[in-house]
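Accompanying notes for the structure given below.
The values are calculated or read from the model by the stated rules, or taken from the named source; none is laboratory data. All of these numbers come straight from a predicted model, not from anything done at the bench. Cβ atoms come from the backbone with ideal geometry, glycine included; neighbour counts cover every protein chain shown. Side chains are part of the model used for accessible areas, which takes the heavy atoms of the whole protein and leaves out ligands, DNA and RNA. Shrake-Rupley method; radii C 1.70, N 1.55, O 1.52, S 1.80 Å.
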Amino acid sequence: MVEIPRTKLEQVELEATLELILKNAVKALRGNAGVVAVWSEAEQQFVVGASYGLDSKALAQLRPLLDEAIPDLTMSKESYNLLSELGHGTTLPISDQGIRQDPIITLPLQIADKSIGLIYILRPFKARAFSRKNRDMLVAFAEQAAIAVHNARLAYLLAAEKHRVEAVLETSAEGIVNIDGQRRITGFNLAMEQLTGKSREDVLGRECFRILNLRNRQRQSLCNTQCPILASSEQGSQTFELQGTIQTIDGKDVDVAMTYSVVYDLEGKPINAVINVRDISKLREVENLRETFLSMLGHELQTPLSIIKGYASTLAQRDGNWDSEILHNSLQVIENESDRLVNIVNKLLLAARITTGKPVLAKEEVQLSSLAEKVIRRLQTMTNIHRFEVDCKPDMPPLLADPALMEEVLTNLIENAIKYSPDGGKITVTGESNGDKIRITVADEGIGISEEDMEHIFERFQRTNRSEVKRVKGVGLGLYICKSIIEAHGGRIEVASKLDNGSQFTITLPLEQST
């Protein structure tokens, strides 16, 4: 059996209803006072739901009789008792008019043959006992009281269930929006507030298409063309999904999947809908990343493979009469393009290792100035229009680091300096120590980087759409690898640049003592 209502509003409304029923019952039966008692499952006893004509002292005197005597009396069909006969030494209650009460009649409150309480009416001491006719009359009031208690309990259960559902929706990690048949927002949970930056108070009652405005990739509104709430259906309910972009309060676009659960009336007209809004920005980012990766990889692999195939096919011709110089040059091209392929694959493998976790560091003492000179000696064969300079302070101490990975970092930075300085110029590597840190800067006089591109320059497969950059071969992994390696060593990498005015990449690393 369920509990009696606990909210103040429901309790007040129930008490007022029961008091009115009691007042009418007392007058109809020519009584003097009355009580409706409701069974409490939690307390395992009857508790007073409402009273008429009795004060708190009189109710306290009746309290012991509610445990057994009065409930037993409700089952009696023949005798109509006096309070003074129900219990030994019973103190008769006094009504608020100062009159002792004795004759009593009581009936159970029943719903579907289940007892949920009882009602009893009292008359003054030595007044005439209640008759069978009085009992029959009380039945109607008992039914009214039972319905009132039952309805209050149903209202309590509905309110509790509504609260439970709202709590589930409110704490859901997914955004949830409720809309009515006119597409007005009737619910907006915390996850939606966090996703959009818009408060519930600002959006409730407003049309969802004005708040969310779901758009496709061509920035065309889907709300006014594909919203499921606009369509009728012969089915009782349907679920639809739309994917697109919504805008936050600060103008940021968010990729979302919106799943509509629509409820229709018997005529197939939509009544309301619950919309689950899922942020799929990361998923879209992965998809875009995959597309970019495949596109770049295909382009980067196609060129060396085509060159290798072309030269190999030429050299394989049976009627070819190649002198030693042509053979040497052709094989040199094949070797260079093979090295280029190996370099691409090595970068992909290293990026994959970094993505799945921090790279394992095999640390030893590394003199970065010597390592920079080694990398320059190897790379300066790539160009005859650049000048290289290493300017490191003589007191720069050795760094405890992974030499192979640090060489990878310097190689990527110096290679980029060469690639993105198509007109040549000076490439400088400077280094200094400052207390417990070492700082290395690779600077060029090349095409520079725009402010917009600098925000994403260390991301995987990130390459700008500038034509000068597109002409440079690469898969957009070098700086991502550099940043990951430096951060794995506990350092940081920064960039300073202006368009057409060169770039400076600065690495700062902590000095560690070898053990």
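Computed quantities for the displayed model
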item: Test: residue in the range 379-394 that is hydrophobic (A, V, I, L, M, F, W, C), within 44 Å of the chain's Cα centre (by Cα), part of a loop (DSSP other than H, G, I, E, B) and surrounded by fewer than 18 Cβ atoms within 10 Å (Cβ to Cβ); result: no
item: Any hit, the range 152-161, residues being of a type outside the set (Gly, Ala, Ser) and either crowded, with 18+ Cβ neighbours inside 10 Å or touching a Leu at 6+ places or on another chain (Cβ under 8 Å) (or both); result: yes
item: Answer from PRO422, PRO397, PRO403 - the residue that is in contact with a helix residue (DSSP H, G or I) (Cβ under 8 Å, 6 or more places away or on another chain), surrounded by fewer than 21 Cβ atoms within 10 Å (Cβ to Cβ) and closer than 20 Å to LEU361 by Cβ; result: PRO403
item: Residue in the range 279-293 that is in contact with a helix residue (DSSP H, G or I) (Cβ under 9 Å, 6 or more places away or on another chain), modelled with pLDDT of 75 or more and of a type in the set (Asp, Glu) present; result: yes
item: Identity of the residue in the range 73-96, part of a helix (DSSP H, G or I) and open to solvent by less than 20 Å² (accessible area, probe 1.4 Å), that ends up modelled with the lowest pLDDT; result: THR74
item: Residue within the range 37-44 that is without any contact (Cβ under 8 Å) to a residue 24 or more places away in the chain, farther than 22 Å from ARG132 by Cα, in contact with a helix residue (DSSP H, G or I) (Cβ under 9 Å, 6 or more places away or on another chain) and not in a helix (DSSP H, G or I) present; result: no
item: Pairs with Cβ under 6 Å, 6+ apart, first in the range 119-132 and among the β-branched types (Val, Ile, Thr), second in a loop (DSSP other than H, G, I, E, B) and open to solvent by less than 50 Å² (accessible area, probe 1.4 Å); result: ILE121/LEU29; ILE121/GLY31
item: Condition met for SER221 (in contact with a helix residue (DSSP H, G or I) (Cβ under 9 Å, 6 or more places away or on another chain), free of Cβ contacts under 8 Å to residues at least 12 places away in the same chain and open to solvent by less than 90 Å² (accessible area, probe 1.4 Å)); result: no
